[in-house]
Amino acid sequence: MGSYILKRLLLAVPVIFGITVIVFLIMAMIPGDPATAILGSYATPENVARLNRDLGLDQPLVARYFIWLGNMLHGDFGQSFSLNRPVIDEVLERFNNTLILAGTSFVLCTVFGILAGVVSAARQYGFADKAITFVVLLGISIPSFFLGMMMILIFAVDLQWLPVSGMYAIYGGGDLPDLLHHLTMPALALAVVATGVVARLSRSAMLEVLRQDFIRTARAKGVKEGRVIWGHALRAAMVSIIPVLGIQAGFVLSGAVYIEIVFQWPGIGRMLVDAILQRDILLVQGGVVFVAACYVIFNIIVDVAQSLLDPRIKT
Amino acid sequence: MSAFFKLLARNRLALGGLIVMGLVVALALITPLLPLVDPDATNTANRFLPPFSDGALLGTDALGRDLLSRLLWGTRLSLAVGFAAALFAAVAGAAVGIIAGFYGGRTDNIIMRAVDMLMAFPYILLALAIVAALGPGLVNALIAVSVVNIPFFARNIRGITVGLANKEFVDAAKLAGMSNARIITSEILPNVVPVIVIAMSTTIGWMILETAGLSFLGLGSQPPQADLGSMLGEARSALITNPHTSVIPGIMILIIVMSINLLGDGVRDALDPRLKSGALSRPMAATRVDRKHTPAPEARTEGILSLENLRTEFHVKDRIYKAVSGVSLSVKPGECLGVIGESGSGKSVTALSIMGLVASPPGVITGGAARLEGRDMIGARYGDLRTLRGRRVAYIFQDPLATLHPLYKVGDQLVEAISSHRAISKSEGRAKAIELLKSVRIPNAEERVDSYPHEMSGGMRQRVGIAMALANDPDVIIADEPTTALDVTVQAQILSLLDDLRRERGLAIVFITHDFGVVAQLCDRVAVMYAGRIVEEGPTMEILRAPAHPYTARLIACVPELGAGKRKLEAIPGLPPSVDALPAGCAFADRCLKAQPSCKEGEILLEGTGSRAVRCLYPELSLSKETA
């Protein structure tokens, strides 16, 4: 197992390397003098000179890439001019907040998606199946940002159950109950689409598995139906559900951008949108590379989970 | 193609989606012709008019602009941008995919690695990076969304192209000296286009949503121009005071995306051949029973297990396949009954019907009884049936790779057979599992108990299957072609193992097979099935020596005999009749050399005296005479 994890980690190196190349190339498309573009309205002659020195912006493209890469490997993602603080500090702080939001949503979508999918498959064409199918269709069709806004109207404005936005109360907040209070709506809104996708996939994976011969064997042994469904069938279906969970993690991370805007959640998505509008290029660059790299690592975790679940995968 | 549309139309939800989508598109197309107010004309005196106000059916927004007009123009823009993004992604993705798939080798490798890199991003990060570089704006958002979706198309199309590039017609074109560019445009492209169109139709809703999302973030369309996303984004600041400005564009996005999703699901279903055959439905815990009349609780028969006039059908759409039509059998303790027939003769379905294990849907037991010590198990409550399964009547199935759970250790699967019927401690379970593995002569049972099925050989897995059947000391074992997937030496070992177990434990065995050689080794009696019926029954040795039914005779003639000298092995010409359209009279008549016109009329009964019976008007040997 240890060597398998090591192998997967080694394979991730070129992928992360490729990600930096892609981000670098995209940013190199910015027309005009890079220093001026990066600095935008902060482009005083001193700043331009300093940036040219730090990033080697007056050098050829390839050299510039390696200077940038080298700096990042030392943990130096540059300086955000709009925030006047190191990019990495801001990114870490914001990413932490996004993890709280996206992580909660990911857990929600996994649990409820699989639950709904299994029930749906076990009761195929029954009332529960039809109801779930309809809700799932609605869930995957509604834009998360619209759903979030409607939730604010209903649960925060009308019913006044939950706060409209933010991560903590401005006065007297900051503890866990306060965080959960603020987290509920955005986490649910973010989880809805992914839950729908997971539910659909789980349903079809379960239907596929339930037709297999080993299910008939379990029934022929006299295994209780509940265990046939939630044990034998789900265990086998997980093999095709888990890779999709990896993809859904990416979707949840992406969808977090909208939800963070709607609910004023101080996460990395909102940071990126603000940075784009402020033309704070280094902040965008650093944020994108950091999140993409984390996503690659997460997918390794998914692969490892898959290999733990399926003894047929050679580790 | 028309069949496709028929299927699509039959799916009411998909049809609904198509109609709604059609309406929205039509509305977007005629928007410039409608007598609408200028969508960008501001009128601060009329800010935030509620819906159904005079002159503003849907009200006005923060700048007093008419919401109906803005909604229609915004829909038009959103649809156009979404469609353009999908088209762009499809064309670019297809180009990349075709080149990678057609040229293969290093070109393919480099391109696909790059595609993999792009797919390693959470998609929106990439889109944001592109917008960051190009600057906010609708065209840039469109570019970002299409680029992000290129890998999806490239992968799909590459897969198709790789398949096509090795086809004969492409080879022929190459030999004819066509240039690669010509081959791609004239041979590959026409075959790929339908796939592109389908992939586009399933992603276009997604593209509309994504561009709307970027606009919502303020990175897409810039004021005063507005698509649905930016309408929603601008309305957000007035969400609490004037919710209608948010609700209206939001609902519109929901309608569009939902109708596209419905349509997409319909298209996918219409294209999936498995749905047509009903193969995607899951079998229930027990076969459905729908008997016209419950058979009277019959006087006790001699056997421990007896079937009486059992009928099992498969109902697929409006067709009825009579897999088993009136089978009666019985087996005594310590006896082995062989049930033999070609594939499709109904022998496996008969076996599975006993414990309600026929996949249902589509299987239905429509008549008869299956009695265990006189108690009918057809139509028994599921709870009762379950406690009998594996405990009193156990099954051994063919192909143990598919019939054992691939992700559980064989020991755990053995223990589960026991723990489903009585509580058993972990250590006792393990000991029992090892004992069971030893009883089927698996070497190293102590280690093998922790193996997974894929780590064992075919013969070994079959032994595990047998051990599992023995776990609860059942009275009856139903073995459904347990040796078919094995090679001959392993087969012989398994057969002698079953034979020993039967003698040691007094098991009744029902042995399903298509091989008379196997029957001869193991079975005391044999029943020959053809087209869902028993055509001959009797002691194995007598039937082998002197078959009465012409079909049995032909079946026996198919078995090669070692050392029997030169003998012509004759295959039976023709095929068994389809069980959804059985002819009157004898089902074998069409393939029978002795058939007379009277064979194709009326019902032919299974008749005989003593231990033998045959369903034939002109049997090879008259049974009444023999016993007389």
Unique match (being at the interface with another protein chain (Cβ under 9 Å from one of its Cβ atoms), farther than 30 Å from A:Gly267 by Cβ and touching a residue at least 40 places away in the same chain (Cβ under 8 Å)) among A:Leu210, A:Leu234: A:Leu210
The lone exception for A:Glu208 - which of (1) surrounded by fewer than 21 Cβ atoms within 10 Å (Cβ to Cβ); (2) in contact with a strand residue (DSSP E or B) (Cβ under 8 Å, 6 or more places away or on another chain) it fails: (2)
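I need a count of the residues in the range A:25-35 that are part of a helix (DSSP H, G or I) and more than 10 Å from every other protein chain (Cβ to nearest Cβ).
Of the range A:25-35, the ones part of a helix (DSSP H, G or I) are A:25-28, A:34-35.
With more than 10 Å from every other protein chain (Cβ to nearest Cβ) added as a condition, the list becomes A:34-35.
Summing the residues that are part of a helix (DSSP H, G or I) and more than 10 Å from every other protein chain (Cβ to nearest Cβ) in the range A:25-35 gives 2.
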Helices (runs of 4 or more DSSP H) enclosed by the range B:540-628 - at least 1 residues per element that are at pLDDT 75 or above and within 41 Å of the chain's Cα centre (by Cα): B:540-545, B:550-557
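Give me the helices (runs of 4 or more DSSP H) completely within the range B:125-195, filtered to those with at least 1 residues that are surrounded by 19 or more Cβ atoms within 10 Å (Cβ to Cβ) and at pLDDT 90 or above, ordered by residue number.
Values: elements: B:138-165, B:168-175, B:180-183.
Ranges flagged: B:138-165.
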Residue within the range A:188-195 that is among the polar types (S, T, N, Q), under 30 Å from A:Ile142 (Cβ atoms) and within 12 Å of chain B (Cβ to nearest Cβ) present: no
Candidates A:Ile114, A:Ile132, A:Ile170, A:Ile154, filtered to the one that is over 30 Å from A:Arg227 (Cβ atoms), in a helix (DSSP H, G or I) and either hydroxyl-bearing (Ser, Thr, Tyr) or out of contact with any strand residue (DSSP E or B) (no Cβ under 7 Å at 6 or more places or on another chain) (or both): A:Ile154
The lone exception for B:Glu435 - which of (1) buried (at least 22 other Cβ atoms within 10 Å of the Cβ); (2) in a helix (DSSP H, G or I) it fails: (1)
Test result for A:Ser254, under 30 Å from the mean Cα position of the chain (by Cα), more than 7 Å from chain B (Cβ to nearest Cβ) and of a type in the set (Ser, Thr, Tyr): no
Tally of residues being at the interface with another protein chain (Cβ under 9 Å from one of its Cβ atoms), surrounded by fewer than 23 Cβ atoms within 10 Å (Cβ to Cβ) and touching an Asp or Glu at 6+ places or on another chain (Cβ under 9 Å) across the range A:116-153: 1
Only one of B:Gly97, B:Gly64, B:Gly74 that is not aliphatic (A, V, I, L, M) and not in a helix (DSSP H, G or I): B:Gly64
Inter-residue pairs, beta-carbon under 8 Å, first within 14 Å of chain A (Cβ to nearest Cβ) and part of a loop (DSSP other than H, G, I, E, B) and in the range B:281-295, second buried (at least 18 other Cβ atoms within 10 Å of the Cβ) and hydroxyl-bearing (Ser, Thr, Tyr), 6+ apart: B:Pro283/B:Ser360; B:Met284/B:Ser360; B:Ala286/B:Ser360; B:Thr287/B:Thr312; B:Thr287/B:Ser353; B:Thr287/B:Ser360
Candidates A:Arg216, A:Arg227, A:Arg203 - the one that is within 14 Å of chain B (Cβ to nearest Cβ), assigned to a helix (DSSP H, G or I) and within 18 Å of A:Leu137 (Cβ to Cβ): A:Arg203
Any hit, the range A:36-54, residues being touching an Asp or Glu at 6+ places or on another chain (Cβ under 6 Å) and either part of a helix (DSSP H, G or I) or surrounded by 15 or more Cβ atoms within 10 Å (Cβ to Cβ) (or both): yes
Meets criteria (more than 8 Å from every other protein chain (Cβ to nearest Cβ) and closer than 30 Å to A:Ala102 by Cβ) for B:Ala127: yes
Residue tally, condition away from chain A (no Cβ under 14 Å) and among the aliphatic types (A, V, I, L, M), over the range B:355-386: 5
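The values are calculated or read from the model by the stated rules, or taken from the named source; none is laboratory data. These numbers were taken from a predicted model, which means no experiment stands behind them. Cβ atoms come from the backbone with ideal geometry, glycine included; neighbour counts cover every protein chain shown.
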